[in-house]
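Peer 1: Here it is, the structure in full.
The values are calculated or read from the model by the stated rules, or taken from the named source; none is laboratory data. This is a predicted model, so every value here is computed, not measured. Using ideal geometry, Cβ is built from the backbone for each residue, glycine included, and neighbour counts are taken over all protein chains shown. Heavy atoms of the whole protein, side chains included, go into the accessibility calculation; ligands, DNA and RNA do not. Shrake-Rupley method; radii C 1.70, N 1.55, O 1.52, S 1.80 Å.
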Amino acid sequence: MSAHTSSRHRILRGVLTVALATGMSGVLMGCSDTESSAARTSADRSAADAGDAGDAGDAGGAAAGKRLAGIAQKAADKGSLGVIVRVDRGSGSPVEIARQAAWTKDDHRLAVDDQFRVGSNTKTVTATLVLQLVAEDKVRLDDPVEKWLPGLVKGGADITVRMLLNHTSGLGDFLLTPEFLPSLTGQERRTWRPEDLLAITPEQDPPAEPGQKYSYSNANYAALGLILEKATGRSLAELIEQKITKPLGMKDSYLATNADWSTGKQHVTGYEPDAERLKDILSPTVDLPEGVGFVGPERPGGNVDTAAIDPSWAGAAGAMVSTAQDWQRFLTALMSGKLLPKAQMKQMRTTVSAPEEGGGYGLGLMKVNTPCGTVWGHTGGLPGYSSEIYTDAGGHRSVAVLTSTNFGIKEKAAATANKTLVEAATCQMLGRSLPSLNPSE
């Protein structure tokens with residue numbers, strides 16, 4: 001995948017350019033490759049071995065699975081901290097890998113089916129729900145936002161539903177505002193309604209007219225969530241359950257409405273750099289005030305446990321909790337035509353230029369050009385959680401790479417290792433060898 005994956009646009013990416021661009025993790029301390037390999041649990045081995053066996057029918061499949069597991073462990077040791085990789089090539093058993101840095105095992109033993117905050121991947125679900133209403137002639141893509149949300153969106157008379165979906169509305173992002181940043185980092189506990197977030201959403205800087213250019217903004221999807229609720233008379237959580245998760249059997253997926261995780265199911269522990277590391281990381285671009293950073297228990301290597309930070313503000317833009325398998329089930333169902341009629345699927349896949357996303361952006365769907373071919377899907381990020389989930393063009397094959405830090409993979413060594421992992425997993429999904437990898441590795 002192109003270099004965009006290492007500096008990514010995930011749900012927090014805009015913050016990287018301002019004071020709390022809490023991105024980029026430093027090099028992991030206290031965990032060598034040797035230590036991590038020795039400390040692998042039996043569950044880790046089972047996941048990797050099952051994946052190797054699933055690919056064994058292909059020439060070199062078992063070796064490719066083992067190589068991918070090694071790349072995953074290296075990424076964890078270099079700063080990704082914990083990674084879940086799941087590759088489903090449409091036949092045979094999937095490749096399933098869970099690897100983590102040694103010290104994180106004191107907090108949580110990572111498993112492939114752990115629940116995970118998938119962040120902005122939620123946007124694809126939101127867009128699917130909107131397009132289902134379009135197919136039913138209950139909403140039109142060219143409807144002005146003002147029709148549905150009178151007085152709530154600045155310039156709403158000139159912004160259409162389509163512009164919200166493909167991020168060409170001209171709206172800025174509330175993530176950049178001083179009112180919101182304390183909630184993002186967990187320094188302030190506050191329940192944000194979508195209306196509140198739209199009220200603090202600024203113009204783009206520099207300003208852009210509606211429809212003029214692509215510029216990613218979570219405000220677009222905050223507005224879409226409200227439109228869905230107004231058009232149907234049901235809550236967003238109800239719509240997701242009734243239209244997506246229940247019909248598809250996604251038993252481990254739901255829209256988070258607070259900081260709590262579902263009971264009876266194991267979840268990934270997420271981490272971000274502590275305030276001291278954060279200030280050092282950002283010093284080349286911004287002078288971060290002393291003590292500003294994520295709130296949570298201190299962990300080794302200058303990390304903070306962010307699992308208790310409330311993600312519910314993200315709503316229709318990014319509040320879904322899921323698993324690798326569940327989300328691949330959704331994405332393959334979508335891309336193979338099971339959730340939308342052909343006309344709406346064509347609209348969803350009609351992209352505007354979005355070089356920062358590695359290709360183009362459709363209606364809640366990214367088109368990404370990788371070294372091994374074009375894939376479709378989305379990325380996601382919340383404090384402690386980063387994800388990239390893709391399918392091939394027909395929804396026959398899919399890949400998920402879930403990482404237990406978002407900004408922790410922005411430091412150079414961590415970014416390089418994580419990028420290599422995503423590329424290797426994506427290429428394996430497409431049945432091709434990654435050009436930059438030496439087969440002997």
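Peer 1: If a residue counts only when it is touching a residue at least 24 places away in the same chain (Cβ under 8 Å), buried (at least 19 other Cβ atoms within 10 Å of the Cβ) and in contact with a strand residue (DSSP E or B) (Cβ under 7 Å, 6 or more places away or on another chain), which helices (runs of 4 or more DSSP H) contained entirely in the stretch 110-188 have at least 2 such residues?
Peer 2: Numbers: elements: 122-135, 145-148, 161-165, 181-184.
Answer list for the stretch 110-188: 122-135.
Peer 1: On to the next question. Output yes when any residue across the stretch 171-191 is closer than 30 Å to Gly151 by Cα, of a type in the set (A, V, I, L, M) and modelled with pLDDT of 95 or more, and no when none is.
Peer 2: yes
Peer 1: Please determine whether any residue of the stretch 240-252 is closer than 23 Å to Asp106 by Cβ, modelled with pLDDT of 95 or more and either outside any loop (DSSP other than H, G, I, E, B) or not hydroxyl-bearing (Ser, Thr, Tyr) (or both).
Peer 2: Within the stretch 240-252, the subset closer than 23 Å to Asp106 by Cβ is none.
So far as the stretch 240-252 goes, no, none of its residues is closer than 23 Å to Asp106 by Cβ, modelled with pLDDT of 95 or more and either outside any loop (DSSP other than H, G, I, E, B) or not hydroxyl-bearing (Ser, Thr, Tyr) (or both).
Peer 1: Kindly provide the set of residues from the stretch 66-93 that are open to solvent by 30 Å² or more (accessible area, probe 1.4 Å) and either touching a residue at least 60 places away in the same chain (Cβ under 8 Å) or of a type in the set (D, E, K, R) (or both), ordered by number. Let's see the steps before the verdict.
Peer 2: At the first step, the residues of the stretch 66-93 found to be open to solvent by 30 Å² or more (accessible area, probe 1.4 Å) are 66-67, 70, 74, 78, 88-93.
Once the filter is applied, which keeps residues that are open to solvent by 30 Å² or more (accessible area, probe 1.4 Å) and either touching a residue at least 60 places away in the same chain (Cβ under 8 Å) or of a type in the set (D, E, K, R) (or both), the stretch 66-93 yields Lys66, Arg67, Gly70, Lys74, Lys78, Asp88, Arg89, Gly90.
Peer 1: Moving on. What residue, among those in the stretch 192-205 that are open to solvent by less than 80 Å² (accessible area, probe 1.4 Å) and not hydrophobic (A, V, I, L, M, F, W, C), is farthest from Trp313 (Cα to Cα)?
Peer 2: The first filter runs over the stretch 192-205 and keeps only residues open to solvent by less than 80 Å² (accessible area, probe 1.4 Å), leaving 192, 194-202, 204.
After this cut, where a residue has to be not hydrophobic (A, V, I, L, M, F, W, C) as well, the list is 194-196, 201-202, 204.
Numbers: Pro194: 8, Glu195: 11, Asp196: 10, Thr201: 14, Pro202: 17, Gln204: 21 Å.
My answer is Gln204.
Peer 1: Could you tell me whether the stretch 283-295 includes any residue that is under 26 Å from Val112 (Cβ atoms), in a loop (DSSP other than H, G, I, E, B) and small (Gly, Ala, Ser)?
Peer 2: Looking through the stretch 283-295, none of the residues is under 26 Å from Val112 (Cβ atoms), in a loop (DSSP other than H, G, I, E, B) and small (Gly, Ala, Ser).
Peer 1: Further, regarding this structure: Residue pairs, Cβ under 9 Å, 6 or more apart or interchain, first in the stretch 296-307 and more than 15 Å from Asp280 (Cα to Cα), second surrounded by fewer than 21 Cβ atoms within 10 Å (Cβ to Cβ) and among the basic types (Lys, Arg). List them.
Peer 2: Cβ pairs passing all conditions: Asp305/Arg299.
Peer 1: Looking at the stretch 327-359, which of the residues that are of a type in the set (A, V, I, L, M), at pLDDT 95 or above and outside any helix (DSSP H, G or I) is surrounded by the fewest Cβ atoms within 10 Å (Cβ to Cβ)? Walk me through it before giving the result.
Peer 2: We begin by selecting, within the stretch 327-359, every residue of a type in the set (A, V, I, L, M); these are 331, 333-335, 339-340, 343, 345, 348, 352, 354.
Then drop every residue that is not at pLDDT 95 or above, which leaves 331, 333-335, 339-340, 343, 345, 348, 352.
Narrowing further to those that are outside any helix (DSSP H, G or I): 339-340, 352.
Values: Leu339: 23, Leu340: 20, Val352: 15.
It comes out as Val352.
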